[in-house]
Structures are given as structure tokens and as C-alpha cells.
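The structure appears below as C-alpha cells.
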Amino acid sequence: MAENAVTAGRTASTGVLLTLATAQFLMTLDSSVMNVSIATVAADVGTTVTGIQTAITLYTLVMATLMITGGKIGEILGRKRAFAIGCAIYGVGSFTTAVAQNLTWLLIGWSLLEGIGAALIMPAIVALVASNFARSERPKAYGLVAAAGAIAVAAGPLIGGLLTTYASWRWVFAGEVVIVIVIVILARRMNDRPANPDAGLDPVGTALSALGLGLIVFGILRGGEWGFVLPKEPDEKSWLGLSPVVWLILVGGLVLRLFMSWERRRQASGRPALVDPALLRVPQLRSGLASFCLQYLLQAGLFFVVPLYLSVALGLSAISTGLRIMPLSITLLIGAVGIPRFFPNASPRRVVRLGFLALLVGLVTLIGSLEIGVGPEVVTWPLLLAGLGVGALASQLGAVTVSAVSDDHSAEVGGLQNTLTNLGASIGTALAGAVLISALSTSFFSGIQQNPDVPAAVSSQAEVELAGGVPFISDDDLKKALDQADVAPTTAAAVLDENEAARIDALRTSLSLLAMIALLAVFVAGSLPTRQPGSEPDQEPAGA
């Protein structure tokens, strides 16, 4: 009888974990699955590539701005109920996107409804892991959930490429509807902490947090187009000579400062607050959130640069690019699940630092391996190392962050955690892209100026026409553009050679910045605990 009860308990826990991991996979998939199919989707719904990029940007924006509020709603209604409501909204959004015939309905389904649904689901996932697993079991649980999200980023282009090539992009969203229905059915087996209807929702705090985060994330996402500090185009609008991005981020930061002051005032007067400001004074939580932010920054930057290299510089198809990235998913899963299983008492601080070091070594290896003429196999070993590093981080950070405070605050921590991960991912993509284009432009202009086969007139004209930045394009696309401009064959060949060399320089520069951030992250993890959260089950965490 006892053995049957234990077996049943393990089966139930496995079912809960797979349900939550699948939900995390689905939420993350939407941010990457359509990146390789933008042109096809644009043609299908009668819009432009810019229109589809706007839909992707707004999805990230809606999700990031409402994440803290989504965590609070989970506390008020109950995490399980908030999770189910979020799944329902997300499913309606997926169905709307699958049948959308124009950009308006695509924005309503994909950007708005799916973004709102994800903002309810993702904080609830963090809290439900805490409700369904003992502290000693959480590292493995959080590791698998985080690994599912990271694998979705890697597998997204492959899934999107396969379905777009052999069926239709609409089947991606139709499949999401089916998966969401299954998730809702399986979610009924989950345990949950009692809801707290008295917590109350803070409308002013909700508005301030959404506005502040929205301004910051929107500014970061527009950094590649507008310029981070100075305007990208000479004749582009600027405020006091600076790019609008600077002012958006500054104003967003001031609004968030006002938000925290408002929350402290509400708490002092005995009214419910959206976020307990005292949480951010817990060193372990601060270090965990900062590490999460840096992990997703590095992860997003890497997933931006490597696919760009494979698809543009080497000319691989979306499917081949996805297959070349898959080795990262393998070691990521091994690290996320294997470390808690085989090293259950490992120091979280040491594992996280080793994870960032593995990422650093992977980035440095890739920087050293990039040469003109190398094939796609050059990314394999660096991605295996990077995947192991991300897996190590995934195996620790979720459990460490939630265990920094009492379980009553798990929904709030979930909201903060997902806000920081979205912010980190937005910064990583924008920063890697901005540095890439800046380095590409500098290297390309320097190359053609010093190349005797490129006339000075052609070099000057290129600098004028490409003042906003040299685009990262393939040799075939550049050759077509040069042929259309009737550039002499000798000059065209020289420009192609310089562009190829500049692309490698730009990739190395962007990856070097990520490597420096990985090194910085090693020191940020200094306040993480040296003992596993479950090693002292009867002791309340410091921030309880």
C-alpha cells in the first residue's frame, strides 16, 4: 500500500511538472517561432514585414508590462485559477491569430490576447511549482521548467520553418489551441495555496508599473531602429540632440521610482500593495533576479547572433539553421535535469558561477573559431558549452529566487522574475543587434576606403546612403544590389570581400560584448546561498 501511494505521488508530481513545463514552452515559443516566417505571414495577411515585427514587439511589450499585475491577480484569485484563466485567454488569442485575415486581427489575437494570457500564466507557473513540490525537489522542477522555455527559443525557428515550408504558419497557432486545452484539463490535478481575496488590486500601482515598464521595454526594442544614444539617421527626430530611446528609458525609470514610492505609501497606510518593496531588500532575491536578468540577456543575445550568422552569412535555410542550434538544447536539458539529480547538495552559488563561466567559455570559443570560409559546424562545440551553462543556471535560479522569501510571496516573486527575464531578453536582443550593426558599419566603411579596387566616389556614396548603418545581408543579396546599380565587376568583387570580412568582425564584436557581460555575471551571483533551499526544511527563509 505504501509503495503504491509513493508511486502514485511521483506520477502525479511528474504530470504536474510536465504540464507546467509545457505551458512554459508554449509561452516562450511565441517569441521566436515566427522569426523565420515573417515575410510569409506578412504576405498572407496583407501587411508588411514591419507590421509583423510590430506584432512581435507588442506581444513582448504587453507581456512585460502586465507581468507584475498578473502575479498579484494570481494571489487574489488563486494561482491555479489565474493559470486556467490565462490559458483560456491565450487559447482564444491563438485561435484568433490562426484565422486572422489582416494585421488588425493579428494584433488583437497575437499581441494583445496572447500577451495578457502569458502575463497571467507565467507568474502562476513559478508559484505552482512552489505549491506542488517540497523545497528539496524544487531545483529539479524549476530546472526542467526553465529548460523548457530555453529549448522553445532554440526550437522555435525549426518548428516555424518546418510548418511554414511544408504546411502553413497558421498551424503553429492552431496547434497551440489544442495544447492549451490539454494543459487546462491536466491542470486540475495541481495543488494550490489558498487564494487571498483581501489582498486587493492596486489600480494606481498597476498603471504606474505598466507605464514604467512599457516605456523602458519599448525604448529598448526601438534602440536598433532609432539608435540608443544618438539618432541613427542624421535627419531623424531627436530630443535635445539625443535619441528618443534615452528619454523613454529615463522617463520609464522615473515612473518605476514613483511606483515604488507609491507602494511603500500604500503599505505604510495598511492598504494592499501590488509588490512588497521589502522583497527587493533581500540580498538573495536581488542577486537571483539580477542573475535571471543576465541569463536571459546572454541567452537572447546568443540566439540573435548565431542564427543570423548561420542564415545570412552561411546562407542556411530556416530548417538547417534550427537543426544547427539544437545541440544547445541537448546539453541544456542535461544540465537542468542532471545537476539536481546527481549533485543535489551542490552549492547554488558555485553552480550558477560555473554556469556563467561555461557561457563565457562557449562565447570565447565561438569568437576564436569565426573565420572567413568556415562551415556551420563551427558553432557546434560553443553551443554545447553554452547550453550546459544555461542548463546549470536553470537548475538553480528558480528555486533560489522563490526560496529567498516565504511561499506566501511566490506569486509576487513570479511576477518580478518574469518581468526581469523579459527585460533581460529585450536588452540582449537589442544590444547585440545594435553593436553588430555599429561594428559592421565601421569595419565595412574602413575596408572599402582602404581597398584600392573600390573608387573613392563609390566609397563616399556608400557612406552617405548607409549613414544609418550597414545592413547585415547575404552575399547573394548584396551582389544583386550591386548588379542593379551597375557597379563594375572588379569593384563589386572587392565590395563583396569587404562585406564578408566586416560581417565576421561584427559578429566577433557583438559576441565579445556578451562575453564581457557573462564575466560580470559571475560576480553578480555573489549573494546567492551556498546551501540548497531544501537542506534546512524547517527553517524559514530570511525574507519571510
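The values are calculated or read from the model by the stated rules, or taken from the named source; none is laboratory data. Source: prediction; values computed, not measured. Cβ sites come from the backbone with ideal geometry, for glycine too, and all protein chains shown count toward neighbours. All accessible areas refer to the heavy atoms of the entire protein, side chains included, with ligands and DNA or RNA removed. Shrake-Rupley method; radii C 1.70, N 1.55, O 1.52, S 1.80 Å.
Under 8 Å by Cβ, and 6 or more places apart or on different chains, what pairs join a residue from the range 280-300 that is among the basic types (Lys, Arg) with one that is part of a helix (DSSP H, G or I) and open to solvent by 10 Å² or more (accessible area, probe 1.4 Å)?
Cβ pairs passing all conditions: ARG286/LEU280; ARG286/SER527.
Only one residue in LEU128, LEU215 is open to solvent by 10 Å² or more (accessible area, probe 1.4 Å), touching a helix residue (DSSP H, G or I) at 6+ places or on another chain (Cβ under 8 Å) and touching a residue at least 40 places away in the same chain (Cβ under 8 Å), so which one is that?
Going through LEU128, LEU215 in turn, just one is open to solvent by 10 Å² or more (accessible area, probe 1.4 Å), touching a helix residue (DSSP H, G or I) at 6+ places or on another chain (Cβ under 8 Å) and touching a residue at least 40 places away in the same chain (Cβ under 8 Å): LEU215.
So which residues in the range 339-359 are in a helix (DSSP H, G or I), surrounded by fewer than 23 Cβ atoms within 10 Å (Cβ to Cβ) and in contact (Cβ under 8 Å) with a residue 24 or more places away in the chain, if there are any at all?
Step one: filter the range 339-359 for residues in a helix (DSSP H, G or I), giving 339-342, 348-359.
Then drop every residue that is not surrounded by fewer than 23 Cβ atoms within 10 Å (Cβ to Cβ), which leaves 341-342, 349-350, 353-354, 357.
Selection gives ARG341, ARG349, ARG350, ARG353, LEU354, LEU357.
Hey, does the range 194-211 have a residue that's touching a Cys at 6+ places or on another chain (Cβ under 7 Å) and in contact (Cβ under 8 Å) with a residue 40 or more places away in the chain? Spell out how you get there, then give the answer.
If we filter the range 194-211 for residues that are touching a Cys at 6+ places or on another chain (Cβ under 7 Å), which is where we start, we get none.
Looking for residues that are touching a Cys at 6+ places or on another chain (Cβ under 7 Å) and in contact (Cβ under 8 Å) with a residue 40 or more places away in the chain, one finds none in the range 194-211, hence no.
Identify the residue in the range 21-48 that is touching a Leu at 6+ places or on another chain (Cβ under 6 Å) and either closer than 22 Å to LYS80 by Cα or among the hydroxyl-bearing types (Ser, Thr, Tyr) (or both) and, among all such residues, is least open to solvent (accessible area, probe 1.4 Å).
ALA21
Among what's in the range 50-90 and is open to solvent by less than 50 Å² (accessible area, probe 1.4 Å) and of a type in the set (Ser, Thr, Tyr), pick the residue that is nearest to ILE185 (Cα to Cα).
TYR90
Here is a check on your reading of the model: is SER311 open to solvent by 40 Å² or more (accessible area, probe 1.4 Å) and within 30 Å of TYR166 (Cα to Cα)?
Values: open to solvent by 40 Å² or more (accessible area, probe 1.4 Å): yes; within 30 Å of TYR166 (Cα to Cα): yes.
Answer is yes for this residue.
Quick check on LEU431: is it among the hydrophobic types (A, V, I, L, M, F, W, C), at pLDDT 90 or above and open to solvent by 10 Å² or more (accessible area, probe 1.4 Å)?
no
Only one of these conditions is not met by MET260: (1) in contact (Cβ under 8 Å) with a residue 24 or more places away in the chain; (2) more than 26 Å from THR28 (Cα to Cα); (3) out of contact with any Asp or Glu (no Cβ under 9 Å at 6 or more places or on another chain). Which number is it?
(1)
For (1) closer than 30 Å to PRO340 by Cα; (2) surrounded by 14 or more Cβ atoms within 10 Å (Cβ to Cβ), each residue gets a yes or a no:
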{"residue": "PRO455", "(1), (2)": "no, yes"}
{"residue": "GLY469", "(1), (2)": "no, yes"}
{"residue": "ASP475", "(1), (2)": "no, yes"}
{"residue": "GLN484", "(1), (2)": "no, no"}
{"residue": "LEU507", "(1), (2)": "no, yes"}
{"residue": "LEU511", "(1), (2)": "yes, yes"}
{"residue": "LEU519", "(1), (2)": "yes, yes"}
{"residue": "PHE523", "(1), (2)": "yes, no"}
{"residue": "ARG531", "(1), (2)": "yes, no"}
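Evaluate the following for GLU371: is it closer than 21 Å to LEU316 by Cα, open to solvent by 20 Å² or more (accessible area, probe 1.4 Å) and outside any helix (DSSP H, G or I)?
So GLU371 passes the test.
Give all pairs with beta carbons closer than 6 Å in which a residue from the range 396-413 that is closer than 20 Å to ASN196 by Cα and touching a residue at least 60 places away in the same chain (Cβ under 8 Å) meets a residue that is acidic (Asp, Glu) and open to solvent by 10 Å² or more (accessible area, probe 1.4 Å); count only pairs at least 6 apart in sequence or on separate chains.
Listed pairs, sorted by first residue: ALA411/GLU75.
For the range 451-474, check the following and say yes or no: at least one residue is part of a helix (DSSP H, G or I) and in contact (Cβ under 8 Å) with a residue 40 or more places away in the chain.
There is no residue in the range 451-474 that is part of a helix (DSSP H, G or I) and in contact (Cβ under 8 Å) with a residue 40 or more places away in the chain.
Identify, from the list THR14, THR28, THR104, THR40, the residue that is modelled with pLDDT under 80 and polar (S, T, N, Q). Steps first, please.
Numbers: THR14 fails: modelled with pLDDT under 80; THR28 fails: modelled with pLDDT under 80; THR104 fails: modelled with pLDDT under 80.
Only one candidate qualifies: THR40.
Any idea how many residues of the range 247-271 are farther than 19 Å from LYS72 by Cβ and among the basic types (Lys, Arg)?
1
What is the residue count in the range 186-204 for residues that are assigned to a helix (DSSP H, G or I), of a type outside the set (Asp, Glu) and farther than 16 Å from LEU17 by Cβ?
4
Looking only at residues that are of a type in the set (A, V, I, L, M) and over 23 Å from the mean Cα position of the chain (by Cα) in the range 374-403, which one is surrounded by the fewest Cβ atoms within 10 Å (Cβ to Cβ)?
VAL374
Out of the residues in the range 154-194 that are among the aromatic types (Phe, Trp, Tyr) and crowded, with 16+ Cβ neighbours inside 10 Å, state the one that is farthest from the chain's Cα centre (by Cα).
Among those residues, the one meeting the criterion is TRP169.
Hey, LEU297 hits all of (1) in contact with a helix residue (DSSP H, G or I) (Cβ under 9 Å, 6 or more places away or on another chain); (2) open to solvent by 20 Å² or more (accessible area, probe 1.4 Å) but one; which does it fall short on?
Here LEU297 meets the rest and fails (2).
Of all residues in the range 256-281, which are open to solvent by 20 Å² or more (accessible area, probe 1.4 Å) and of a type outside the set (D, E, K, R)?
Listed by number, the residues that qualify are LEU256, LEU258, MET260, SER261, TRP262, GLN267, ALA268, SER269, GLY270, PRO272, ALA278, LEU280.
Can you tell me which of (1) at pLDDT 90 or above; (2) in a loop (DSSP other than H, G, I, E, B); (3) under 30 Å from GLU75 (Cα atoms); (4) of a type outside the set (S, T, N, Q) is the one LEU274 doesn't meet?
(1)
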